[in-house]
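The values are calculated or read from the model by the stated rules, or taken from the named source; none is laboratory data. Just so it is clear, the model here is predicted, and its values are computed rather than measured. Cβ placement follows ideal geometry from the backbone for every residue including glycine, while neighbour counts extend to all protein chains displayed. Heavy atoms of the whole protein, side chains included, go into the accessibility calculation; ligands, DNA and RNA do not. Shrake-Rupley method; radii C 1.70, N 1.55, O 1.52, S 1.80 Å.
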Amino acid sequence: MNTVVARPVSYSRTTLTELMIPAYANFGGKIHGGTLLSLMDKVAYACAAKHAGEYCVTVSVDGVNFRQPVDVGELVSLMASVNYVGRTSLVIGIKVIAENVKTGVVKHTNTSYFTMVAKDETGKPTEVPPLLLETPDDVRRFLEAMKRKELRATYSEHFDNARTRMLLAENLSQLTTERCTLSEALANELS
């Protein structure tokens, strides 16, 4: 029997640090959210692949809320760790901080969760090692990931059921307090 040995969170903990250059900025002088997402995807991949020992792909991203902007010249560090593992999937928690190298001021810009799936050489999902939890934070993060997974499944089920049941003509009255207007042609079509 081939038993897979559990790997501790510390085994694959990864930090990616990069200086934010003018080429990464938008017209307002702040770093593009897409640039930060790309960096988060890179660090999530590195962390997941190290734990899995396999190629990993991103299947979903939860909670990308930009709490504070990142400025040109700041040093951004993305700290990733495996928070949860399923049979073939891993949830990677990422904390992003930006440091003004002149003043030393550090700000937490966002936290996000990337779900990755390990793939074998043929491209099929493959089993990942279990996660060895060694600290109370490891346990908390694992339990929080389980709760997010449960809530996501519940939300998806409710939303899919609501979407299936929603009939446009019966729900048009909900739009009266919103900032939208139906074209005359559409209003005639739905009435």
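Determine whether residue 117 is modelled with pLDDT of 95 or more, open to solvent by less than 60 Å² (accessible area, probe 1.4 Å), touching a helix residue (DSSP H, G or I) at 6+ places or on another chain (Cβ under 9 Å) and outside any strand (DSSP E or B).
On the way: modelled with pLDDT of 95 or more: yes; open to solvent by less than 60 Å² (accessible area, probe 1.4 Å): yes; touching a helix residue (DSSP H, G or I) at 6+ places or on another chain (Cβ under 9 Å): yes; outside any strand (DSSP E or B): no.
No.
Could you check residue 178 against (1) open to solvent by less than 100 Å² (accessible area, probe 1.4 Å); (2) more than 30 Å from residue 41 (Cα to Cα) and say which number it fails?
Condition (1) is where residue 178 drops out.
Of (1) touching a residue at least 12 places away in the same chain (Cβ under 8 Å); (2) exposed (fewer than 15 other Cβ atoms within 10 Å of the Cβ), residue 142 satisfies all except one. Which?
(2)
Of the residues 189, 134, 144, only one is at pLDDT 90 or above and either over 30 Å from residue 10 (Cα atoms) or part of a helix (DSSP H, G or I) (or both); which?
Numbers: 189 fails: at pLDDT 90 or above; 134 fails: either over 30 Å from residue 10 (Cα atoms) or part of a helix (DSSP H, G or I) (or both).
So the residue among 189, 134, 144 that is at pLDDT 90 or above and either over 30 Å from residue 10 (Cα atoms) or part of a helix (DSSP H, G or I) (or both) is 144.
Search the range 50-62 for residues that are closer than 16 Å to residue 84 by Cα and modelled with pLDDT under 95 and pair each with any residue that is open to solvent by 40 Å² or more (accessible area, probe 1.4 Å) and assigned to a helix (DSSP H, G or I) when their beta-carbon atoms are under 7 Å apart and the residues are at least 6 apart or on different chains.
So the pair list comes out as 62/148.
Of all residues in the range 1-57, which are part of a loop (DSSP other than H, G, I, E, B) and closer than 14 Å to residue 76 by Cβ?
Initially, the range 1-57 is screened for residues part of a loop (DSSP other than H, G, I, E, B), giving 1-6, 13, 20-21, 26-29, 32, 53-54.
Correct list: 20, 21, 32.
Of 111, 88, which residue is open to solvent by less than 50 Å² (accessible area, probe 1.4 Å), within 24 Å of residue 150 (Cα to Cα) and in contact with a Pro (Cβ under 6 Å, 6 or more places away or on another chain)? Spell out how you get there, then give the answer.
Details: 111 fails: in contact with a Pro (Cβ under 6 Å, 6 or more places away or on another chain).
Just a single option satisfies the conditions, and that option is 88.
Go through the range 60-76 residue by residue and tally those that are farther than 13 Å from residue 148 by Cα and out of contact with any Asp or Glu (no Cβ under 7 Å at 6 or more places or on another chain). Let's see the steps before the verdict.
Step one: of the range 60-76, the residues farther than 13 Å from residue 148 by Cα are 64-76.
With the extra rule that they be out of contact with any Asp or Glu (no Cβ under 7 Å at 6 or more places or on another chain), the set shrinks to 64-73.
Qualifying residue count for the region: 10.
Please enumerate the residues belonging to the range 1-29 that are of a type outside the set (Ser, Thr, Tyr) and modelled with pLDDT under 95.
Within the range 1-29, 1, 2, 4, 5, 26, 27, 28, 29 meet the criteria.
Residue 179 versus (1) of a type in the set (Lys, Arg); (2) farther than 23 Å from residue 92 by Cβ; (3) outside any loop (DSSP other than H, G, I, E, B): which is the lone unmet condition?
Going through the list (1) of a type in the set (Lys, Arg); (2) farther than 23 Å from residue 92 by Cβ; (3) outside any loop (DSSP other than H, G, I, E, B), residue 179 breaks only (3).
State yes or no: is residue 47 surrounded by 13 or more Cβ atoms within 10 Å (Cβ to Cβ), free of Cβ contacts under 8 Å to residues at least 60 places away in the same chain and closer than 20 Å to residue 142 by Cα? Steps first, please.
Working: surrounded by 13 or more Cβ atoms within 10 Å (Cβ to Cβ): yes; free of Cβ contacts under 8 Å to residues at least 60 places away in the same chain: yes; closer than 20 Å to residue 142 by Cα: yes.
Considered against the rule, which asks whether it is surrounded by 13 or more Cβ atoms within 10 Å (Cβ to Cβ), free of Cβ contacts under 8 Å to residues at least 60 places away in the same chain and closer than 20 Å to residue 142 by Cα, residue 47 comes out as yes.
Any residue at all in the range 69-80 that's within 15 Å of the chain's Cα centre (by Cα), closer than 27 Å to residue 121 by Cα, modelled with pLDDT of 95 or more and assigned to a strand (DSSP E or B)?
yes
With respect to residue 153, is the statement that it is at pLDDT below 95 and either among the small types (Gly, Ala, Ser) or open to solvent by less than 40 Å² (accessible area, probe 1.4 Å) (or both) true? Let's see the steps before the verdict.
Working: at pLDDT below 95: yes; either among the small types (Gly, Ala, Ser) or open to solvent by less than 40 Å² (accessible area, probe 1.4 Å) (or both): yes.
Against the criterion (at pLDDT below 95 and either among the small types (Gly, Ala, Ser) or open to solvent by less than 40 Å² (accessible area, probe 1.4 Å) (or both)), residue 153 qualifies.
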